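The values are calculated or read from the model by the stated rules, or taken from the named source; none is laboratory data. All figures in this text were calculated on a predicted structure; none of them were measured in a lab. For neighbour counting, all protein chains shown are included, and Cβ atoms are generated from backbone atoms with ideal geometry for every residue, glycine included. Heads up: the accessible areas ignore ligands, DNA and RNA and are worked out on the full protein's heavy atoms, side chains in. Shrake-Rupley method; radii C 1.70, N 1.55, O 1.52, S 1.80 Å.
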Amino acid sequence: MAVYTDALGRQVEVDARPERIVSLVPSLTEALFAFGAGDRVVGVTRYCVEPAEGVREKPKVGGTKNVGVADVIALAPDLVIANVEENRRCDVDALISAGLTVFVTYPRTVAGAIAELRVMGQIAGMPAAAEAIAGSADAEVRDALADDRPPPVRVFCPIWRNPWMTIGPDTYIHDLLRLCGGENVYGDSLERYPVITLGDAAGREPDVVMLPDEPYRFGQGHAKEVIAAAPGVRILLVDGRRLCWYGPRIADAIRYFRGLLREETDNASEIVGLTGKD
């Protein structure tokens, strides 16, 4: 038995090698499989879609925001992995009240997400596998920080529409873009996820607008809306999972967004450039 401090400040006792794990966090479901612990995952949410073959036959326990508490309890897990942001506190509290071992996560920086990978590896009884993934991410962070960094690229990155929402400070996405050479035009917001208008975003004079396909599926039509508000701005349709999935994708995400912001990435299947003239 080992004791870990989770994001709620709770001291959580976890079996040395939990054999029945329910993951309510898509990024960490993917991480557990990457560690080699996928055979011990007995339940996931319907948004836990990676690795596709690994999770396809796993029992589903609802969504991240509407966890089927009774479904989780019925699986008799010896460990449940949850997240402050992705799961509702009432569902987490219900699982804790039911006597389940629940470890709650909450990474808000790249460094915090890498540290969390190491903790998850220890909790899952796979520290060496987790260290290999975390170490690769650490190496990309060191490369990014040691780079002869040009002036930062001002970035507007919405994450939702109706209403339009974007990222503020104290968020993983904000820190990822900062590390990769971006300057979040809403980095001075008092809110972590401010509701904004395209007119206000245009007034902040971004160099680049990144439209991810997750959590909201932005596409060419939405790019035209941005162009109407900010003619001539550079628009990138980007991989949303690289942007907001903070598990084993971190190293690749750093390489990907550094390339985009330096305009070194030229793979048309990953990036579509648009201007007001298109």
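Quick notes on this structure:
- Distance-filtered residues of the range 24-67 - backbone nitrogen under 14 Å, label point 7 angstrom along R10 Cα→Cβ: 24
- A straight Cα-to-Cα reach below 19 Å connects K60 with the aspartates and glutamates E19, E30, D39, E50, D71, D78, E86, D91, residues fewer than 8 places away in its own chain not being considered.
- Long-range amide H partners of G182 with built H, under 5 Å: V153
- The range 1-53, accessible surface, carbon-and-sulfur percent (1.4 angstrom probe): 47
- Stretching the chain fully between L145 and R46 yields a gain of 32.0 nm (0.36 nm per residue, less the alpha carbon separation).
- Heavy-atom surface analysis with a 1.4 Å probe gives the range 156-198 a carbon and sulfur content of 58 percent of its accessible area.
- Under 5 Å from the amide H of T166 lie the amide H atoms of I159, I196, each residue being 5 or more positions distant or on a separate chain, with H modelled from the backbone and absent for Pro and chain starts.
- Cα extents for the range 23-71 along the principal axes, largest to smallest and rounded to whole angstrom: 27, 16, 14.
- Convex hull of the chain built on C-alpha atoms - directionally averaged projected area, nm²: 14.8
- Solvent exposure of the chain, expressed per residue, is 44 Å² of accessible area, with all protein chains present and a 1.4 angstrom probe.
- Hydrodynamic radius by Kirkwood, which averages 1/r over all alpha carbon pairs of the range 1-134, in angstrom: 14.4
- Residues with amide H under 5 Å from that of T105, placed H, sequence gap 5 or more: A7, A82, N83, V84
- Beta bridges per DSSP, both residues in the chain: antiparallel share near 30 percent.
- Isotropic mean projected area of the C-alpha convex hull, the range 162-254 (nm²): 5.7
- HN-Hα J in Hz across the range 4-18 - Karplus 6.51, -1.76, 1.60, θ = phi - 60°, x for Gly and Pro: 10, 8, 8, 5, 8, x, 7, 8, 10, 8, 10, 4, 4, 9, x
- Fraction of accessible area attributable to carbon and sulfur, the range 74-148 (%, probe 1.4 Å): 54
- The phi-based Karplus calculation (6.51 cos²θ - 1.76 cosθ + 1.60; θ = phi - 60°) puts the 3J(HN,Hα) values of the range 68-84 at x, 4, 5, 5, 5, 4, 5, 7, 6, x, 9, 7, 10, 9, 10, 9, 4 Hz, whole numbers, x for Gly and Pro.
- Phi angles of the range 212-221 translate, via the Karplus equation with coefficients 6.51, -1.76, 1.60 and θ = phi - 60°, into HN-Hα couplings of x, 9, 7, x, 9, 8, 6, x, 4, x Hz per residue; Gly and Pro are given as x.
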